[in-house]
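What follows is a single structure, written as structure tokens, with notes after it.
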Amino acid sequence: MVRRKLVVGNWKMNGLRAHLPQVAAIGAEAASHPQVEVGLCVPATLISMAAEARGGAFIGGQDCHAKTSGAHTGCLSAQMLKEAGATWAIVGHSERRADHGETDADVASKALAAHAAGLKVILCVGESLEIRDSGEAVPFVLAQLEASLPEGAAAEWLSIAYEPVWCIGTGRIPTMDQIAEMHSAIRAALIKRLGKDGNAMRILYGGSVNAANAAEVFTVADVDGGLVGGASLKVESFGPIIAAAA
Ligand code: PEP
């Protein structure tokens, strides 16, 4: 099964109008590697401007509410992201799970809401260092996946990002064997749940991916691309990661 590599930047709470030239430069890099699907999930305030500058990259949001509208001060619906120019959304990022108490059920509802609005979805799972050290990382992540993956999930609109929490923004990455073990366990769980479509679903690795380690990470079996935080903010650091996936 050939799965097109997917490389997505998560700008988190970074980026002002002054950073739009980086969106354009990354979009140009994406256009020169059409074999890779490239995206940038920018702050919501930048989505419409980034959508104008995006070149060969898609623009996504970093979260959405599970409801379409209502009394939810400060929240954004998936339709709002779509109308602003997003075509994708991240759901279940560990920073949302930790800082906003999002449960697996919330994440599943958000994924369905994004899909209903016509957005594609990156659904994040990953274990803490405590769980990794306890030797329970694989069963923990598989349970999180089982509970976060909504009914009707399909490879055409949803991809998984395995992001060990202890590797996000820390400069640490697991060994290639640890990444391979987790991705193969996720693949088996997806096939069990979704049948043939589970083999088509992309599984990204995320957590301190950079220009120096991307090529090695992307050669690991069942790693279909990356979700990249810090290194996605500038074309100098994100461009080589895109190129490593090509
Ligand atoms: C992320 O936030 O999804 C992430 C992987 O961050 P970083 O690449 O900075 O570790």
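A short reminder: the numbers here are calculations on the coordinates, not readings from a lab. Since the model is a prediction, treat every value here as computed from it, not as a measurement. Methodologically, a virtual Cβ is constructed for each residue, glycine included, from the backbone with ideal geometry; neighbour enumeration extends over all protein chains shown.
Is it the case that LYS12 is in contact with a Pro (Cβ under 9 Å, 6 or more places away or on another chain) and charged (D, E, K, R)?
Judged against the criteria, LYS12 is a match.
Just checking, which of ASP133, ASP222 is more than 23 Å from GLY15 (Cβ to Cβ) and touching a helix residue (DSSP H, G or I) at 6+ places or on another chain (Cβ under 6 Å)?
Answer to the selection: ASP222.
Just wondering, is there one or more residues in segment 163-174 that are in contact with a Leu (Cβ under 6 Å, 6 or more places away or on another chain), in contact (Cβ under 8 Å) with a residue 12 or more places away in the chain, of a type outside the set (Ser, Thr, Tyr) and more than 19 Å from VAL107 (Cβ to Cβ)?
So far as segment 163-174 goes, yes, one or more of its residues are in contact with a Leu (Cβ under 6 Å, 6 or more places away or on another chain), in contact (Cβ under 8 Å) with a residue 12 or more places away in the chain, of a type outside the set (Ser, Thr, Tyr) and more than 19 Å from VAL107 (Cβ to Cβ).
Taking the condition of being of a type in the set (Gly, Ala, Ser) and surrounded by 17 or more Cβ atoms within 10 Å (Cβ to Cβ), how many residues in segment 128-142 meet it?
1
Let's see how each residue does on (1) among the polar types (S, T, N, Q); (2) within 16 Å of the ligand (Cβ to nearest atom); (3) surrounded by fewer than 20 Cβ atoms within 10 Å (Cβ to Cβ); (4) within 27 Å of ARG4 (Cα to Cα):
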{"site": "GLY39", "(1), (2), (3), (4)": "no, yes, no, yes"}
{"site": "GLY56", "(1), (2), (3), (4)": "no, no, yes, yes"}
{"site": "LEU81", "(1), (2), (3), (4)": "no, no, no, yes"}
{"site": "ARG96", "(1), (2), (3), (4)": "no, yes, yes, no"}
{"site": "GLY101", "(1), (2), (3), (4)": "no, no, yes, no"}
{"site": "ASP106", "(1), (2), (3), (4)": "no, no, yes, no"}
{"site": "GLY126", "(1), (2), (3), (4)": "no, yes, no, yes"}
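One line per residue, one yes/no per condition, for (1) crowded, with 18+ Cβ neighbours inside 10 Å; (2) more than 10 Å from the ligand (Cβ to nearest atom):
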| site | (1), (2) |
| --- | --- |
| GLN144 | yes, yes |
| LEU149 | yes, yes |
| SER159 | yes, yes |
| GLU163 | yes, no |
| GLY171 | no, no |
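Considering only segment 30-117, give the strands (runs of 3 or more DSSP E) lying wholly within it that have at least 2 residues that are within 23 Å of GLY230 (Cβ to Cβ) and β-branched (Val, Ile, Thr).
So the answer is 88-91.
Any residue in segment 207-220 that's over 17 Å from GLN178 (Cβ atoms): show its pairings with residues that are within 13 Å of the ligand (Cβ to nearest atom) and among the basic types (Lys, Arg) at Cβ separation under 9 Å, as long as the two are six or more apart or on different chains.
Between residues of segment 207-220 that are over 17 Å from GLN178 (Cβ atoms) and residues that are within 13 Å of the ligand (Cβ to nearest atom) and among the basic types (Lys, Arg), there is no close pair.
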